[in-house]
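The values are calculated or read from the model by the stated rules, or taken from the named source; none is laboratory data. This one's a predicted model, so the numbers in the text were calculated from it and none came from an experiment. Neighbour counts run over all protein chains shown; Cβ positions are idealised from the backbone, glycine included. When the accessible area is computed, the model is the full protein with side chains, heavy atoms only, and any ligands, DNA or RNA have been set aside. Shrake-Rupley method; radii C 1.70, N 1.55, O 1.52, S 1.80 Å.
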There are 2 protein chains.
Amino acid sequence: MKILVTGGTGYIGSHTVLSLQEAGHEVVVLDNLVNSSEESMRRVAELSGTTPEFHNVDLVNEAAVERVFAAGGIDAVIHFAGLKAVGESVREPLSYYYNNLVGTLNLIRAMERHDVHSIVFSSSATVYGEHNPVPYVEKMEIGASNPYGRTKEQIEDILSDIGAADDRWHIALLRYFNPVGAHPSGRIGEDPQGIPNNLVPFIAQVAVGRREKLMVFGGDYDTPDGTCLRDYIHVVDLAEGHVAALNHVADRAGVFRWNLGSGKGSSVLEVLRSFEKAVGRPIPYEITGRRAGDLPAFWADATSALADLSWSTTKTVDQMCEDHWRWQENNPNGYAG
Amino acid sequence: MKILVTGGTGYIGSHTVLSLQEAGHEVVVLDNLVNSSEESMRRVAELSGTTPEFHNVDLVNEAAVERVFAAGGIDAVIHFAGLKAVGESVREPLSYYYNNLVGTLNLIRAMERHDVHSIVFSSSATVYGEHNPVPYVEKMEIGASNPYGRTKEQIEDILSDIGAADDRWHIALLRYFNPVGAHPSGRIGEDPQGIPNNLVPFIAQVAVGRREKLMVFGGDYDTPDGTCLRDYIHVVDLAEGHVAALNHVADRAGVFRWNLGSGKGSSVLEVLRSFEKAVGRPIPYEITGRRAGDLPAFWADATSALADLSWSTTKTVDQMCEDHWRWQENNPNGYAG
């Protein structure tokens with residue numbers, strides 16, 4: 001199949017482009033390069049032997065999106081593009097709603113016009129919000145608690161209503177847990193702009209000397225070691241999950257929701273210890289106050305994806321840290337270096 | 001103040017334009033005329049003595065919206081424009097999400113660019129969804145159950161997040177119950193395209209001979225007479241509620257939510273009897289099966305609007321029916337006649 005990947009130059013996008021190529025698909029990448037670099041596509045080409053077709057397009061530009069579809073041949077879409085930082089979304093909600101909603105609506109309308117009705121959407125465990133008990137199960141009522149999460153929830157609602165109204169649509173809503181790691185080659189990986197929002201990229205930048213120490217937000221939670229528990233998933237497992245979801249919906253109309261997670265929680269200190277093992281030396285850290293909005297613990301019920309897609313995570317937290325470190329050590333300044 | 005009214009040629013919009021003019025405001029109307037007629041503006045001018053400035057603009061056209069703001073002088077916005085039929089929204093969700101969300105986001109962005117930060121938004125009691133007990137209170141957790149209602153809920157969320165992020169914003173979210181009636185002059189009123197979705201316009205078209213009989217959906221609900229209870233509000237009361245909300249938020253930053261309803265429920269058969277009294281003869285009707293998605297009963301807790309705005313409804317169901325009938329009798333085919 002010929003797959004359009006929006007946001008394909010980003011962290012999860014670039015790994016998924018590679019997995020799609022390895023599975024024999026042709027890939028067209030669309031990205032506005034606001035939070036990513038086209039260098040990731042050159043690295044993917046080096047790994048796969050095939051250069052993905054790339055278009056520097058912002059989804060809010062309806063005419064530019066139309067041109068990509070008019071060129072023809074697209075069978076399905078994997079939609080990653082969107083702004084993604086929770087804290088920034090609280091400060092700049094209009095920018096988040098505008099980019100994520102208008103971009104997605106332009107994309108769906110172009111799909112309609114060109115009779116493309118298969119889409120895999122990059123949602124998030126954030127949609128489960130603050131009120132659901134762990135582990136999170138797909139059938140729970142969702143309700144995000146910040147603007148970023150609300151854009152994901154709203155797009156899930158939009159796609160769900162479209163799928164309910166018109167049985168030509170094949171829709172997969174993938175709720176990611178905490179993606180970390182990098183391709184084992186060390187050639188592609190996460191390249192956050194500015195101060196990393198997530199744990200492992202922050203640890204990696206401390207390890208490589210770009211930051212002084214890790215701040216651990218809260219050591220007094222009701223968890224085994226007092227730090228927050230999250231469900232970490234290796235980005236290559238996550239990329240394979242997209243290929244599995246795409247294959248599943250290709251043959252089946254409807255709206256499907258799957259958690260993509262490992263099904264278990266790991267604490268901040270456990271991840272830190274794994275990363276120290278990978279690096280071979282201690283990483284400086286300090287336990288400080290809790291951060292507003294952080295939940296003590298959440299992880300996926302991962303049984304639906306296993307049952308429906310025969311997919312589950314294969315890589316351990318140790319492997320995530322080893323691969324993340326290989327990428328960071330070889331590319332201390334990300335793609336810019 | 002100079003007030004931009006989006007959707008100002010429609011049913012509630014046109015009555016609000018008149019109330020704004022009567023309160024001494026200058027009005028600029030923007031409408032795409034998809035579900036309405038510019039004739040309503042000529043009638044408003046005839047009643048008030050002042051022709052509102054009118055622009056035939058679709059909010060999804062960002063450049064056209066920009067031109068209206070660039071002309072300058074707008075102090076505040078009342079935002080009615082949007083698609084509004086529940087059943088149609090279930091069949092054509094993409095059209096609802098595209099028009100209502102993209103239109104609103106373009107409007108808010110234009111307001112930002114031109115330093116206009118006061119908005120009164122036309123929300124709906126629909127946002128209370130199916131799970132809340134009656135009467136509905138503003139502090140309840142919202143959750144709409146159809147695409148139309150979800151666009152209202154999403155826009156409430158967007159505006160709430162914007163208000164929380166930036167204290168320059170003055171935002172009123174008005175949750176309407178069931179608007180009926182018409183201006184007592186009989187010159188402006190509701191002019192639905194196609195088969196009316198709401199009770200009173202349907203009864204009125206039966207009374208005027210455009211339809212054979214009223215179908216009453218369900219006579220076996222657990223209500224006093226077995227038919228559904230709704231909170232009907234005279235459109236002139238509703239229009240005055242907008243002026244009151246605008247005056248309130250003009251002086252106060254923040255996000256405010258008010259029900260605009262009477263605070264009590266009337267049954268389908270009670271409204272029918274009132275309308276028969278206004279017309280002076282029986283209206284043919286038939287009680288048939290329940291309609292999917294209809295709630296047995298809901299009405300507003302109307303105490304917040306009274307406390308904050310010193311506003312409450314003043315007109316009875318009998319007056320709503322008399323005024324609605326005067327409009328319908330004088331304009332059997334609406335503005336087209």
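Could you run through the stretch A:169-178 and say how many residues are open to solvent by 20 Å² or more (accessible area, probe 1.4 Å) and more than 14 Å from the chain's Cα centre (by Cα)?
Just the residues of the stretch A:169-178 that are open to solvent by 20 Å² or more (accessible area, probe 1.4 Å), to begin with: A:170, A:178.
If we keep only those that are more than 14 Å from the chain's Cα centre (by Cα) too, we end up with A:170.
Total satisfying the criteria: 1.
Does the stretch A:258-287 hold any residues that are over 26 Å from A:GLU88 (Cβ atoms) and either open to solvent by 70 Å² or more (accessible area, probe 1.4 Å) or at pLDDT below 95 (or both), and which are they?
Across the stretch A:258-287, the qualifying residues are A:LYS264, A:GLU270, A:ARG273, A:LYS277, A:ARG281, A:PRO282.
Give the number of residues within the stretch B:63-79 that are surrounded by fewer than 19 Cβ atoms within 10 Å (Cβ to Cβ) and within 14 Å of chain A (Cβ to nearest Cβ).
The initial filter retains those residues of the stretch B:63-79 that are surrounded by fewer than 19 Cβ atoms within 10 Å (Cβ to Cβ), namely B:63-64, B:66-67, B:70-73, B:75.
From what's left, within 14 Å of chain A (Cβ to nearest Cβ): B:63.
Total meeting the criteria: 1.
Going by the conditions given, is A:LYS277 part of a helix (DSSP H, G or I), within 22 Å of A:PRO184 (Cβ to Cβ) and not hydrophobic (A, V, I, L, M, F, W, C)?
For A:LYS277, the condition - part of a helix (DSSP H, G or I), within 22 Å of A:PRO184 (Cβ to Cβ) and not hydrophobic (A, V, I, L, M, F, W, C) - is met.
Here is a yes/no grid of residues against (1) away from chain B (no Cβ under 14 Å); (2) open to solvent by 10 Å² or more (accessible area, probe 1.4 Å):
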residue: A:GLY143; (1), (2): no, yes
residue: A:TYR148; (1), (2): no, yes
residue: A:GLN154; (1), (2): no, no
residue: A:ILE158; (1), (2): no, no
residue: A:ALA164; (1), (2): no, yes
residue: A:ASP167; (1), (2): no, yes
residue: A:LEU199; (1), (2): yes, yes
residue: A:ILE203; (1), (2): yes, no
residue: A:ARG211; (1), (2): yes, yes
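Please specify each residue of the stretch B:288-337 satisfying the condition of being closer than 23 Å to B:GLY149 by Cβ, open to solvent by 50 Å² or more (accessible area, probe 1.4 Å) and either without any contact (Cβ under 8 Å) to a residue 24 or more places away in the chain or not in a loop (DSSP other than H, G, I, E, B) (or both).
B:ALA292
Please go through the stretch A:2-26 and give me each residue that is in contact (Cβ under 8 Å) with a residue 12 or more places away in the chain and either open to solvent by 10 Å² or more (accessible area, probe 1.4 Å) or on the phi > 0 side of the Ramachandran plot (or both), ordered by number. Steps first, answer last, please.
First pass over the stretch A:2-26, keeping only residues in contact (Cβ under 8 Å) with a residue 12 or more places away in the chain: A:2-23, A:25-26.
The answer is A:LYS2, A:GLY7, A:GLY10, A:TYR11, A:ILE12, A:GLN21, A:GLU22, A:ALA23, A:HIS25, A:GLU26.
With the structure loaded, tell me whether A:GLY72 is at pLDDT below 95 and within 20 Å of A:ALA110 (Cβ to Cβ) or whether it fails that test. Quick ask: steps written out before the conclusion?
Numbers: at pLDDT below 95: yes; within 20 Å of A:ALA110 (Cβ to Cβ): yes.
Criteria met by A:GLY72.
Among the residues of the stretch A:39-97 satisfying the criterion of being among the β-branched types (Val, Ile, Thr) and over 19 Å from the mean Cα position of the chain (by Cα), which is farthest from A:SER185 (Cα to Cα)?
The first filter runs over the stretch A:39-97 and keeps only residues among the β-branched types (Val, Ile, Thr), leaving A:44, A:50-51, A:57, A:60, A:65, A:68, A:74, A:77-78, A:86, A:90.
Among the residues that remain, those that are also over 19 Å from the mean Cα position of the chain (by Cα) are: A:50-51, A:57, A:60, A:65, A:68, A:74, A:90.
Values: A:THR50: 16, A:THR51: 17, A:VAL57: 29, A:VAL60: 34, A:VAL65: 33, A:VAL68: 31, A:ILE74: 30, A:VAL90: 36 Å.
For the stretch A:39-97, the residue satisfying everything is A:VAL90.
Right, A:GLY82: closer than 30 Å to B:ASP161 by Cα, away from chain B (no Cβ under 12 Å) and crowded, with 22+ Cβ neighbours inside 10 Å or not? Outline the logic, then answer.
Details: closer than 30 Å to B:ASP161 by Cα: yes; away from chain B (no Cβ under 12 Å): yes; crowded, with 22+ Cβ neighbours inside 10 Å: yes.
So A:GLY82 passes the test.
Based on this model, can you work out whether B:ALA244 counts as open to solvent by less than 60 Å² (accessible area, probe 1.4 Å), under 20 Å from the mean Cα position of the chain (by Cα) and among the aliphatic types (A, V, I, L, M)? Explain how you work it out, then say what you get.
Details: open to solvent by less than 60 Å² (accessible area, probe 1.4 Å): yes; under 20 Å from the mean Cα position of the chain (by Cα): yes; among the aliphatic types (A, V, I, L, M): yes.
Judged against the criteria, B:ALA244 is a match.
What number goes with the only condition from (1) away from chain B (no Cβ under 11 Å); (2) at pLDDT 95 or above that A:SER95 does not pass?
So the condition that A:SER95 fails would be (1).
Report yes if B:ARG252 is outside any loop (DSSP other than H, G, I, E, B) and either among the basic types (Lys, Arg) or more than 15 Å from the chain's Cα centre (by Cα) (or both), otherwise no.
Numbers: outside any loop (DSSP other than H, G, I, E, B): no; either among the basic types (Lys, Arg) or more than 15 Å from the chain's Cα centre (by Cα) (or both): yes.
No; evaluated as a whole, the condition is false for this residue.
Mind counting the residues in the stretch B:179-199 that are at pLDDT 95 or above, on the phi < 0 side of the Ramachandran plot and over 14 Å from the mean Cα position of the chain (by Cα)?
So the answer is 6.
Would you mind finding the one in A:ASP251, A:ASP222, A:ASP231, A:ASP191 that is away from chain B (no Cβ under 14 Å), open to solvent by 10 Å² or more (accessible area, probe 1.4 Å), in contact with a Gly (Cβ under 6 Å, 6 or more places away or on another chain) and not small (Gly, Ala, Ser)?
Numbers: A:ASP251 fails: in contact with a Gly (Cβ under 6 Å, 6 or more places away or on another chain); A:ASP222 fails: in contact with a Gly (Cβ under 6 Å, 6 or more places away or on another chain); A:ASP231 fails: open to solvent by 10 Å² or more (accessible area, probe 1.4 Å).
Testing whether each residue is away from chain B (no Cβ under 14 Å), open to solvent by 10 Å² or more (accessible area, probe 1.4 Å), in contact with a Gly (Cβ under 6 Å, 6 or more places away or on another chain) and not small (Gly, Ala, Ser) leaves just A:ASP191.
Please go through the stretch B:109-122 and give me each residue that is touching a strand residue (DSSP E or B) at 6+ places or on another chain (Cβ under 7 Å) and either at the interface with another protein chain (Cβ under 8 Å from one of its Cβ atoms) or part of a helix (DSSP H, G or I) (or both), ordered by number. Can you show your working first?
Going residue by residue through the stretch B:109-122, those that are touching a strand residue (DSSP E or B) at 6+ places or on another chain (Cβ under 7 Å) are B:111, B:116-122.
The one that is touching a strand residue (DSSP E or B) at 6+ places or on another chain (Cβ under 7 Å) and either at the interface with another protein chain (Cβ under 8 Å from one of its Cβ atoms) or part of a helix (DSSP H, G or I) (or both): B:MET111.
Would you check if A:GLY181 is touching a His at 6+ places or on another chain (Cβ under 6 Å), within 22 Å of A:SER36 (Cα to Cα) and not aliphatic (A, V, I, L, M)? It would help to see each step written out before you state the result.
On the way: touching a His at 6+ places or on another chain (Cβ under 6 Å): yes; within 22 Å of A:SER36 (Cα to Cα): yes; not aliphatic (A, V, I, L, M): yes.
Criteria met by A:GLY181.
I need the full set of residues from the stretch B:105-130 which are open to solvent by 20 Å² or more (accessible area, probe 1.4 Å) and either of a type in the set (Val, Ile, Thr) or under 17 Å from B:GLN154 (Cβ atoms) (or both), in order please. Please lay out each step first, then the result.
Let us first name the residues in the stretch B:105-130 that are open to solvent by 20 Å² or more (accessible area, probe 1.4 Å), namely B:109, B:112-115, B:126, B:130.
Once the filter is applied, which keeps residues that are open to solvent by 20 Å² or more (accessible area, probe 1.4 Å) and either of a type in the set (Val, Ile, Thr) or under 17 Å from B:GLN154 (Cβ atoms) (or both), the stretch B:105-130 yields B:ARG109, B:THR126.
Answer yes or no as to whether A:ILE203 is touching a residue at least 24 places away in the same chain (Cβ under 8 Å), under 27 Å from A:ARG273 (Cα atoms) and assigned to a helix (DSSP H, G or I).
Working: touching a residue at least 24 places away in the same chain (Cβ under 8 Å): yes; under 27 Å from A:ARG273 (Cα atoms): yes; assigned to a helix (DSSP H, G or I): yes.
Against the criterion (touching a residue at least 24 places away in the same chain (Cβ under 8 Å), under 27 Å from A:ARG273 (Cα atoms) and assigned to a helix (DSSP H, G or I)), A:ILE203 qualifies.
Look through the stretch A:131-141, keep the residues that are open to solvent by 40 Å² or more (accessible area, probe 1.4 Å) and not aliphatic (A, V, I, L, M), and return whichever of them is farthest from the other protein chains (Cβ to nearest Cβ).
Here the residue is A:PRO135.
Which of (1) surrounded by 17 or more Cβ atoms within 10 Å (Cβ to Cβ); (2) more than 9 Å from every other protein chain (Cβ to nearest Cβ) is the odd one out, the single condition B:LEU101 does not satisfy?
Against the list (1) surrounded by 17 or more Cβ atoms within 10 Å (Cβ to Cβ); (2) more than 9 Å from every other protein chain (Cβ to nearest Cβ), B:LEU101 comes up short only on (2).
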